[in-house]
Amino acid sequence: MWQPKEETMPREQLRELQLTRLNRTLAHIMKNAPVQRDLLCGAGFDGAPLTRLEDIQHLPFSVKRMFIDNYPYGLFAVPRDEVIRLQGTSGTTGKPSISGYTRADMAMWKDLIARLACAVGVSERDTAQVSFGYGLFTGGFGLHQGLEHIGATVLPLSSGNTERQLMMMEDLGVTVLIATPSYALYLSEVAAEKGVKDRLKLRVGLFGGEGCTPEMRRTIEANLGVVATNNYGLCELTGPGVSGECVERNGLHFAEDHFYPEIIDPDTGKVLPLGEEGELVVTTLTRECVPLIRYRTRDITRLIPESCPCGRTHIRMAPVLGRSDDMLIIKGVNVYPSQIESVLITAEHIGPHYLLFVRREGRMDTLEIQVELTDGAMLENYRMLEALRDAITERLRSTLGLAVKVSLVAPQTIERFQGKAKRVIDMRK
Ligand SMILES: [Zn+2]
């Protein structure tokens with residue numbers, strides 16, 4: 001454990017710390033962050049310290065739109081000479097959300113990454129290959145600096161050039177892989193194809209940047225011979241490390257000494273009872289540069305209140321089920337791409353790569369799922385193909401509660417992703 005005192009703090013003491021830090025953050029905003037202050041005051045906040053943590057639910061939400069409207073520095077709460085780093089969202093269109101970091105923000109971020117690396121046994125004896133893109137995206141530099149912080153040897157390969165990635169992994173004796181799960185999956189396929197798996201020394205995978213279903217993880221682990229954990233974070237909140245799995249891999253421990261999580265009903269904005277599924281809302285408790293109260297993440301998850309055998313007292317969150325933004329409504333049914341993925345990846349004879357096409361035919365929405373066969377020769381065997389398609393269609397129908405069209409395509413025809421995967425093509429827009 002990287003910071004046992006903080007990570008195993010008794011819950012009562014933790015809640016006291018959260019209240020103290022929340023009030024400090026509110027005071028910081030009132031004094032130094034005009035945009036956030038106007039939002040609070042507009043909703044009737046008078047600046048008096050809260051006496052109970054629960055009272056946070058009476059404060060207004062912060063939303064991503066604030067980053068766009070106040071681009072680039074409008075949400076900063078410190079003088080510019082105290083800012084030592086800028087990062088941003090990796091969106092391809094429009095202006096990114098810009099996040100700034102003071103020295104204290106950077107120190108906190110490094111510790112968050114060190115926590116999740118230590119939680120799966122990464123130490124100064126490891127060599128870690130960062131196959132996240134470097135740049136504005138918080139994944140690359142975030143993991144890099146946190147792994148250096150614990151003394152691991154860091155190899156900043158960034159993403160792309162898969163053959164070279166595997167060559168370096170083998171030549172330099174890399175033991176830890178940092179990547180998005182979709183890129184790790186692709187790397188693992190190429191490794192299997194080239195027969196290099198047995199020559200690799202990999203033992204740990206630290207995945208983030210997008211969701212990873214248990215099935216997808218099992219495939220990567222089998223292909224690469226690693227134990228993999230997932231971590232979670234958003235650029236607006238800091239970056240990766242907001243929560244991360246321990247070796248129990250039964251939920252991601254939320255860094256509750258630095259962030260306060262709530263789960264709300266995304267439609268009404270009401271806080272839901274502990275354990276119920278809804279949208280994650282996060283308040284930063286120690287951020288200096290961009291303090292945020294009740295930031296709506298759009299991510300759908302739930303909190304797991306039961307204590308964890310690892311000894312950490314920080315509450316866990318379930319893997320993100322999907323983003324409320326990514327949720328597709330098809331014929332009135334809510335569908336998350338991750339649900340489809342979990343069905344596809346357990347089916348035989350098909351690969352893990354897929355695309356979803358949503359169309360409107362007349363007044364009816366239709367969902368077509370294109371998925372690759374692992375063996376192109378199957379395309380010749382019509383009867384087998386038909387049986388396979390029927391079986392997958394039926395499993396999807398029962399999981400989603402929706403009739404779908406499944407198209408089986410030849411191997412290697414669906415695009416591979418080196419960063420976050422884009423798997424939904426919604427043609428209704
Ligand atoms: Zn744990």
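No lab work stands behind these numbers, since they all come straight from the coordinates. Predicted, not measured: the structure shown is a model, and the values here were computed from it. Neighbour counts run over all protein chains shown; Cβ positions are idealised from the backbone, glycine included.
Some observations on this one:
- Calculated log₁₀ intensity ratio I(q)/I(0) where the Debye formula runs over C-alpha points of the stretch 245-386, q = 0.09, 0.16, 0.18, 0.19 Å⁻¹: -0.43, -0.97, -1.09, -1.14
- Those aspartates and glutamates that a straight Cα-Cα span of less than 12 Å connects to Lys95, excepting residues fewer than 8 apart in one chain: Asp69
- Under Karplus coefficients 6.51, -1.76 and 1.60, residue-wise ³J(HN,Hα) of the stretch 60-75 in Hz, glycine/proline x: x, 7, 9, 9, 4, 3, 4, 5, 6, 5, 10, 4, x, 10, x, 9
- Residue pairs exceeding 26 angstrom between C-alpha atoms, taken from Lys5/Lys201; Lys201/Lys422; Lys31/Lys64: Lys5/Lys201; Lys201/Lys422.
- Where a label projected 7 Å from the Cα of Lys331 along Cα→Cβ would reach, residues of the stretch 343-381 with amide N under 18 Å: 356-370
- The base-10 log of I(q)/I(0) for the chain, evaluated at q = 0.09, 0.10, 0.13 Å⁻¹, reads -0.59, -0.73, -1.20 [Debye formula, identical scatterers on Cα atoms, solvent excluded].
- Rounded if a/c under 1.5, otherwise prolate or oblate - the stretch 1-154, Cα gyration tensor axes: oblate
- Inter-probe distance in nm under a simple model that places probes 7 Å from Cα toward Cβ, at Arg383 and Ala27: 7.9
- Length available on full extension from Gln3 to Val424: 0.36 nm per residue minus the Cα-Cα distance, which gives 147.6 nm.
- Net charge of neighbours whose Cβ lies under 15 Å from the Cβ of Leu86, counting Lys and Arg as +1 and Asp and Glu as -1: 0
- Helices in the chain, meaning DSSP H runs of at least 4 residues, each add -39500 (n - 2.57). Divided by all residues, the mean residue ellipticity at 222 nm is -9500 deg cm²/dmol.
- What the pair-distance distribution of the stretch 148-219 shows, using all Cα-Cα distances binned every 10 Å from zero, is 18, 56, 25, 1 percent.
- Whole-angstrom gap from the stretch 393-422 to the stretch 154-189, using each part's C-alpha centre: 25
- FRET efficiency, 1/(1 + (r/R0)^6) with R0 22 Å, evaluated for Arg218 and Ser407 via beta carbons: 0.30
- Seen from all directions on average, the stretch 328-426 presents a Cα convex hull projection of 6.5 nm².
- If R0 is 25 Å, the Cβ-Cβ spacing of Arg52 and Glu276 corresponds to a FRET efficiency of close to 0.75.
- Of all DSSP beta bridges in the chain, antiparallel share, percent nearest 5: 65
- Kyte-Doolittle at least 0.0, axis length at least 18 Å by Cα - qualifying DSSP helices, the chain: 103-118, 181-194
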